[in-house]
Amino acid sequence: METFAALSHRRTWRYKRSTMQTSTGLRTTFSTKPSKAVASPSRRGLRVVAQRAVTKKVQVVLTKQVPSLGNEGELKSVPTGYYRNYLKPQGYAALATENILEEIQRQKAVEERARMEEKAKAQAMATALSTIGKFVIKKKVGEGDQIFGSVSAADVVEAIKMQTGREVEKRSVTLPEIKTLGTYDATVKLHAEVVGSFKVVVQKDTSA
């Protein structure tokens, strides 16, 4: 017969074995061999990035003015669908073929030459005005050399035309308010980048 001590030892061992089981009913096995480290999978998952579809574009030449896009004759890059579904059916644009691109370049060259010639003419006129230096305008006067009325831009335009044979626009002339005889500074805008400067001399008109 087993002694009380042996029986107690066996029950204690059974209890310990039962406590080694997991909550799922699987028994934990212990080994005296050294365990190998097992790499745990990274918690950082793969990141999926959705890429936007690339919009295909084509070069077109506008054949009419298109609000918010451009003016007639301009070269534009637009989405293919926009050209195919709207610009082409409405007659607003045509594909920029090699021949059309060459024609655009030729037209730009012609326009550039015209702009350069216009600027050169304006510079020549500015030089003429500064060389002449002053333009005389005669006015009837009253007491204290006060002229009747005032010297206007129209008077200046007429004086320039008489001495140079060329006419400038009245709205391009800038001069101070002139009420008495004397010499005054004046300018005329001949081009977006060219301004002519000269003097206006107001003299007494002694003619009957």
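The values are calculated or read from the model by the stated rules, or taken from the named source; none is laboratory data. Just so you know, these numbers come straight off a predicted model, no measurement behind them. In this analysis, Cβ positions are derived from the backbone assuming ideal geometry, glycine residues included, and neighbour counts consider all displayed protein chains. Side chains included, ligands, DNA and RNA excluded: accessible areas come from the protein's heavy atoms. Shrake-Rupley method; radii C 1.70, N 1.55, O 1.52, S 1.80 Å.
A few remarks follow.
- Exactly one residue out of Gly73, Gly91 is among the small types (Gly, Ala, Ser) and either out of contact with any helix residue (DSSP H, G or I) (no Cβ under 9 Å at 6 or more places or on another chain) or modelled with pLDDT under 50 (or both): that is Gly91.
- Every test in (1) under 13 Å from Val201 (Cα atoms); (2) open to solvent by less than 90 Å² (accessible area, probe 1.4 Å) is passed by Thr174 save one, and that test is (1).
- Among the residues of the range 177-204, just one is open to solvent by less than 40 Å² (accessible area, probe 1.4 Å) and in a loop (DSSP other than H, G, I, E, B), namely Ile178.
- The range 184-208 residues that are farther than 17 Å from Glu143 by Cα, paired with ones that are acidic (Asp, Glu) and open to solvent by 60 Å² or more (accessible area, probe 1.4 Å) (beta carbon under 9 Å, 6 or more apart): Val188/Glu169; Lys189/Glu169; His191/Glu118; Ser197/Asp185; Phe198/Asp185; Lys199/Asp185; Val200/Asp185
- Strands (runs of 3 or more DSSP E) contained entirely in the range 52-144, each with at least 3 residues that are within 30 Å of Gln163 (Cβ to Cβ): 134-139
- Within the span defined as the range 112-128, one or more residues are under 30 Å from Val58 (Cα atoms), open to solvent by less than 90 Å² (accessible area, probe 1.4 Å) and either under 31 Å from the mean Cα position of the chain (by Cα) or among the acidic types (Asp, Glu) (or both).
- Yes/no for Phe135 being over 42 Å from the mean Cα position of the chain (by Cα) and modelled with pLDDT of 95 or more: yes
- Considering residues of the range 133-167 that are of a type in the set (A, V, I, L, M) and out of contact with any helix residue (DSSP H, G or I) (no Cβ under 6 Å at 6 or more places or on another chain) only, the residue surrounded by the fewest Cβ atoms within 10 Å (Cβ to Cβ): Met162
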